[in-house]
Amino acid sequence: MSPIRSATIAALASAVVATTLTGCQFGGAEKDTSPIVIAADLELSGAAAPVGRAYQRALDLKIKQLNSSGALNGREIKLRLKDNRSDAAESLRNIADFSSDSQVSAIIMGGCSECAVGAVGTINEKRIPTIALAASGAIASPVAARRYMFKLGPNAVDSAAALTTELRRKNVRKVGLLYSDDDYGREGALALSRELNKVSIKSVGEETVKSTDTEVGQQIGRLTKPKPDALVIWTPPEQATLATNSAQQAGFRGSLFFDAGAAGDLFLGAAARATERATLIFTQTMVIDDVIATTPAKAARRQWFQDYTARFGGYNGSSSFAADAVQLIADAELRAGGTAGKVDRDGIRDVLETSQMDGLSGPIRMTPDNHSGLMPQALTTLVARNGRWRLAG
């Protein structure tokens, strides 16, 4: 080899080494393999535990699916979970702990509306993106005071409109309403009253129930005494089951209509007989096995339903909201970019605020003016037949 050629090769090798070292030293192509840490504050004990445990199962399944999918660019989601015991004060302590952990990208809160509303101040102060799965509209509105708070799940005004459309279609003239004594229940009662007035359906009475109540016979007795054509049940799933059984025991022969908040398990179990032919307003994913998968979004919902059912032996309607929350946060984390290994919470918040996807729950659209993402089109009409919910029609 000539001296000139040898020197040239040596020079090229030195240049390559120098370039490689420069890239390493100044972060040219360093790949971020840090975990995406999502915290969850759920009702795993106490009055709301059945829904909280359904959320936990959904989070575990969705995170497992994403981690094995290869879609996270070499990263993995880690879940940090705390039980709020269905107590707003305990929930607030959990939120404070999560927000002080610099590794946590975002928080998912469960079905407790009081917990989510009570945590808004801390969430804004700590500037940590949070998606609540609870129902109250006060969680995400007014947006100006909820910059870091987002909400998934049906909205009261949308449920009321869909219920009223179905009541009118079935020629119902008089209804009685049982609603939960909380923000979402009161919000629903007001929204339903407005919708009923538009179509001249008369309310013959309203009664309230607490989430801790284990007996609602007296309320149902007062509602059925005027012989309404239908009862509207706007409560959590446990109280909806109690109301259904009480209506049967009272000899009520009218129709039963359930708001989306009453949705629980696909199979109705001991309440099957009392619930037969009842109507529920909820998302299509609850009965996606009745739907032909004509789009990628429907195919994904059907696969989610099958995976959840295969793993847990049944299906809970609320599970898709938790799964969609994980997807939204993971997507926002990847799109926000930032320095490898350092969480950019403001960047995640900004991405969440303009997120759009055809989720497992249905179409989801977040905007700077609307932090409650589930679109009205996600809701459909279901009917109880032979011990489970089915697509109406």
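Descriptive notes on the structure:
- Per-residue Karplus couplings for the range 366-377, computed as 6.51 cos²θ - 1.76 cosθ + 1.60 with θ equal to phi - 60°, are listed in order as 9, 9, x, 9, 8, 9, 9, x, 6, 6, x, 5 Hz, Gly and Pro entered as x.
- Under the Karplus curve 6.51 cos²θ - 1.76 cosθ + 1.60, θ = phi - 60°, whole-Hz ³J(HN,Hα) for the range 180-191, x wherever Gly or Pro sits: 6, 7, 8, 4, 5, x, 5, 4, x, 4, 5, 5
- Neighbours of Arg301 by Cβ distance under 12 Å: Lys/Arg scored +1, Asp/Glu scored -1, total -3.
- Taking the Kirkwood radius as Rh and the Cα radius of gyration as Rg, the range 79-122 has a ratio of Rg/Rh equal to 0.92.
- Distant-in-sequence amide contacts of Phe258, defined by a placed amide H-H separation under 5 Å and a gap of 5 or more residues or a different chain, comprise Ile233, Thr279, Leu280, Ile281.
- Amide H contacts under 5 Å for Phe150, placed H, 5+ residues apart: Thr130, Ile131, Ala132
- Over the chain, accessible surface divided per residue gives 45 Å², non-protein components excluded, 1.4 Å probe.
- Long-range amide H partners of Phe267 with built H, under 5 Å: Tyr315
- Ligands, DNA and RNA left out, the accessible area of the chain computed with a 1.4 Å probe is 50% carbon and sulfur.
- Reciprocal of mean inverse Cα separation for the range 315-379 (Kirkwood radius, Å): 12.5 Å
- Full extension of the segment from Ala392 to Thr33, taken as 0.36 nm per residue of separation minus the current Cα-Cα distance, would add 124.6 nm.
- Annotation note: trypsin sites (Lys or Arg not before Pro) in the range 72-142 located in DSSP loop regions with a Cβ neighbour count of at most 14 within 10 Å are Arg127.
- Among the listed pairs Lys31/Lys78; Lys170/Lys198; Lys174/Lys225; Lys31/Lys82; Lys31/Lys342; Lys170/Lys202, those beyond 23 Å (Cα-Cα): Lys31/Lys82
- Share, in percent, of DSSP beta bridges within the chain that are antiparallel, nearest 5: 30 percent
- With θ taken as phi - 60° and the Karplus curve 6.51 cos²θ - 1.76 cosθ + 1.60 applied, the whole-hertz 3J(HN,Hα) list for the range 247-252 is 5, 5, 5, 7, x, 5 Hz, x standing for glycine and proline.
The values are calculated or read from the model by the stated rules, or taken from the named source; none is laboratory data. Quick caveat, the model's predicted, so the values are computed rather than measured. Don't worry about glycine lacking a Cβ; one is built from the backbone with ideal geometry, like all the others, and counts go over all protein chains shown. Ligands, DNA and RNA are excluded from the accessible area calculation, which covers all protein heavy atoms including side chains. Shrake-Rupley method; radii C 1.70, N 1.55, O 1.52, S 1.80 Å.
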